[in-house]
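A.B. asks: The following block contains the structure, expressed as structure tokens.
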Amino acid sequence: MTTRHAPGTGELAPGLSAPSVWPRSAVVAPGGDLAVAGVALSEIAERWGTPTYVLDEDEVRARARAWRRALPEADVVYAAKAFLCRAVVDWVEQEGLGLAVRTTGEMELAATRGFPASRMILHGSAKSPEDLRTALRFGVGRIVIDSDCEIARIAAQVPGPEAQRVMVRVLPGAGTGAGRGVGAARGQEFGLSIAEGGADDAIARILGQPRLELVGLHCQLGPGTADPAVYAGAVRRLVAFMAHVRERYGITPGELDLGGGFAVAYRPGDPAPGPAQYATAVLGALDDACAQYGLPHPRLTIEPGRSVVAPAGIALYRVLSVKRTGGRVFVAIDGGMSDNPRPALYGARYTARRVGRPSDAPMRAATVVGRHSEAGDVLAESVELPDDIRPGDLLAVPASGAYQLSMAGSSDMTGRPPVVALADGRSRLLVRRESFEDQRRRDVGL
Ligand SMILES: *Cc1c(COP(=O)(O)O)cnc(C)c1O
């Protein structure tokens, strides 16, 4: 019993004009509700309970296609660690993307859908023996070398007769970051330094391993890099390093993998350049640098994760309590760091919108907190919510598709929320809610 709300027939919700924090299909439906892909969010909450995560399938696919269109000659490889389930494996495969994986679990899940291993790239700053075994058994297309100590280890395990293709992850310098956090670079612990010679040493070692074939250089810029010029700068330094490799070793790595890290808008007004803007910066820098060093154009790879899936996801919560104290309003929801550890891990902040009932109440700044009574369990601050907000109301949190459920735990034995796909006016369950029984079954000893 789904009421269909055709995209585009409703009033465009405030803040929904581009660049928006909501999926493109979002419209304000009658009664103050928000409909996504033709499905009212309040119906989702009724049918699947809360907290629940929804994914707008067309939004994921459109974002994947937008990257391919912006860089038609590049390999676009979806970073599985942003969020993976079997449906997403299929969508990514059907849209012609590769898959950047980090763990045995991700490789095994993709394999259940027959995702071709040749289109997988294994990366990771600390690959376990099992991860390497799985990657070599599957025959993943590329392994990204992140430290000296894995070179001989990988080489010794290559089943042969063909050499395993590898890339070297380098730190191109300024603007380099890692992980899934927010903002600029924090650590320099991932990758091999060009400046300090680590990258050079690794290349020499790889070239000394007949079972490894060096096909290119890889880098990963800070998560949420909203300035395309940062990518252009990395391209220039990487091409310069390619020229150095050619000079010193007589080979020219033919591939350049720029990783992911492309910014998305979590809150209205957050800068989030589109694929075309990143592509213009990257291709311009590549043209210039290749001309300067007399190098042929390397084949480009990008590995967007967040920018494909984050804006397609919405987290739906119910309000558990509303506290008005010291001139502030605290709205506690029935989820939090158990389904989204990003705020507690690195201070990420979101926006939220009440959905499901109309209201003429004035808007008032509120703080949205999770249910876990931890200081860091704060989802949104100074977010405008109707003053008549009360327990039982529904809150929708946009830009929730990446690094939330993929990093979710089971704080306080709450169980992880389900994932529901929305497409063509219908909802379907992709991942069911984690039940108490799921948790009890793991508890095997007394
Ligand atoms: C995390 C990661 C990505 C994806 O980053 P996003 O910010 O989700 O785009 C891509 N490549 C590598 C190597 C990563 O570690």
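A.B. asks: Find which of 76, 132, 109 sits farthest along the positive direction of the dipole of region 58-310, computed with +1 on the beta-carbon of Lys and Arg, -1 on that of Asp and Glu, about the Cα centre.
C.D. replies: Selected residue: 109.
A.B. asks: So for region 253-405: antiparallel DSSP bridges make up what percent, rounded to the nearest 5?
C.D. replies: 75
A.B. asks: Further, regarding this structure: How do 293, 350, 231, 78 line up, fewest other C-beta atoms within 10 Å first?
C.D. replies: Result, fewest neighbours first: 293, 350, 231, 78.
A.B. asks: Here is a follow-up. Antiparallel versus total DSSP beta bridges in the chain: what percent is that, nearest 5?
C.D. replies: 50
A.B. asks: Of all DSSP beta bridges located in region 9-130, what percent are antiparallel, nearest 5?
C.D. replies: Around 50 percent of the beta bridges assigned by DSSP in region 9-130 are antiparallel ones.
A.B. asks: While we're on this one: In the Gaussian network model of the chain, springs joining C-alpha atoms below 10 Å, which of 64, 240, 263 carries the largest mean-square fluctuation?
C.D. replies: 240
A.B. asks: Need the full-extension length gain, residue 213 to residue 360, defined as separation in residues times 0.36 nm minus the C-alpha distance. One decimal, nm.
C.D. replies: Taking residue 213 through residue 360 to full extension adds about 46.4 nm, to one decimal.
A.B. asks: Mind checking the full-extension length gain between residue 133 and residue 85? Use 0.36 nm per residue of separation minus the Cα-Cα distance, one decimal, nm.
C.D. replies: 15.1 nm
A.B. asks: Continuing with the same structure: Relative contact order of region 58-310: what whole-number percent is it, with Cα pairs under 8 angstrom and at least 6 residues apart?
C.D. replies: 21
A.B. asks: Defining a contact as two alpha carbons under 8 Å apart and six or more residues distant in sequence, what relative contact order in percent does the chain show?
C.D. replies: 19
A.B. asks: With the dipole of region 58-310 worked out from charges on the C-beta (+1 for Lys and Arg, -1 for Asp and Glu) around the Cα centre, which of 252, 279, 262 lies farthest toward the positive end?
C.D. replies: 262
A.B. asks: How much length, in nm to one decimal, is gained on full extension between residue 381 and residue 426, taken as 0.36 nm per residue of separation minus their Cα-Cα distance?
C.D. replies: Value of the extension gain: 13.0 nm.
A.B. asks: What's the angle, to the nearest 10 degrees (0 to 90), between helix 275-293's Cα axis and the longest principal axis of the chain?
C.D. replies: 10
A.B. asks: Oh, and also: Cβ under 10 Å from residue 311's Cβ, residue 311 left aside: what net charge do those residues give with Lys, Arg +1 and Asp, Glu -1?
C.D. replies: Once all neighbours under 10 Å are counted, the net charge is +1.
A.B. asks: Let me ask something else. List the residues whose amide H sits under 5 Å from the amide H of residue 29, counting only those 5 or more places along or on another chain, with H placed 1.01 Å from N in the peptide plane.
C.D. replies: Distant-sequence amide H within range of residue 29: 34, 35.
A.B. asks: Hey, in the GNM for the chain with a 10 angstrom Cα cutoff, which one of 314, 251, 389 fluctuates hardest?
C.D. replies: 251
A.B. asks: Which one of 227, 200, 412 has the biggest mean-square fluctuation once the chain is modelled by GNM with Cα springs under 10 Å?
C.D. replies: 412
A.B. asks: If neighbour count is taken as other Cβ atoms inside 10 Å, put 190, 241 in order from fewest to most.
C.D. replies: 190, 241
A.B. asks: Shape of region 58-310 from its Cα gyration tensor (a ≥ b ≥ c, root eigenvalues): rounded if a/c is under 1.5, otherwise prolate when a/b > b/c, or oblate?
C.D. replies: Verdict is oblate for region 58-310.
A.B. asks: Could you calculate the FRET efficiency of residue 47 with residue 126 from 1/(1 + (r/R0)^6), where r is the beta carbon distance between them and R0 is 30 Å, rounded to 0.05?
C.D. replies: Once rounded, the FRET efficiency stands at 0.15.
A.B. asks: Let me ask something additional. Just to be sure I understand the model, the point goes 7 Å from the Cα along the line to the Cβ. What's the resulting residue 441 to residue 322 distance in nm?
C.D. replies: 4.0
A.B. asks: Pick out, in residue order, every one of the GluC sites (Glu not before Pro) in region 338-446 that is DSSP loop and has at most 15 other C-beta atoms within 10 Å; say none if there are none.
C.D. replies: 374
A.B. asks: Let me ask something else about it. Let me spell out the model: positive unit charges on the Cβ of Lys and Arg, negative unit charges on the Cβ of Asp and Glu, origin at the Cα centre of region 259-385. What dipole size does that give, in debye rounded to 20?
C.D. replies: Rounded to the nearest 20 debye, it is 640 debye.
A.B. asks: Just rank 123, 244, fewest to most, by other beta-carbon atoms within 10 angstrom.
C.D. replies: 244, 123
Taken together, the values in this text are just the output of simple stated rules run on the coordinates, not laboratory data. Quantities reported herein were computed from a predicted structural model and do not represent experimental measurements. As a convention, Cβ positions derive from the backbone with ideal geometry for all residues, glycine included, and neighbour counts pool all protein chains shown.
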